[in-house]
Amino acid sequence: MKGSEVQAYADPQVVELVGNKRQELFNLRFQHATGQLEDTAALARAKRDLARALTVARERGIDVERELARQRKAEES
C-alpha cells in the first residue's frame, strides 16, 4: 500500500484501516511465533502499512484510539 493511497481515504476509512492493520499484524506475529508464517516479509509490510495509516491520521488530527473505542462500543450495542 502506498502513502498516496492512504491519503486518498476518508477519515473513517483511515480509522478502519488502522484497526484492520493492527489485527493483521497481531495475527502475523502469532503465526510467526508458532512457526506457521512462511512469508516473514509480510510482518515488515504490515508494520509499514500501519505506520502509514497512523501518520495520515496524525496529520489530520484524528484520535484513532478514541474512534476505535467508539466503533467497538457501537458494535457491542
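Going from the residue with the fewest nearby Cβ atoms within 10 Å to the one with the most, Val6, Val18 rank Val6, Val18. Stokes-Einstein diffusion for the chain at 4 °C, viscosity 1.567 mPa s, with a Kirkwood radius from C-alpha pairs, works out to 98 µm²/s. Compared with the dominant Cα axis of the chain, that is its longest principal axis, helix 64-76 is turned about 90°. Its DSSP H runs of at least 4 residues, each contributing -39,500 (n - 2.57), put the calculated 222 nm mean residue ellipticity of the chain at -26500 deg cm²/dmol, to the nearest 500. Extension gain for Ser4 to Leu37 (0.36 nm times residue separation, less C-alpha to C-alpha distance): 9.0 nm.
Spin-label pair Ala69-Phe30: with each label point 7 Å from Cα along the Cα-Cβ axis, the two points sit 2.4 nm from one another. Among Ser4, Ser77, the ranking by other beta carbons within 10 Å of each residue's beta carbon, starting with the fewest, stands as Ser77, Ser4.
Values in this text are rule-based calculations from the coordinates and carry no lab data. In this text the structure is predicted, and so the values were computed from the model without any measurement. Because the Cβ atoms are built from the backbone with ideal geometry, glycine has one as well, and the counts that use them run over all protein chains shown.
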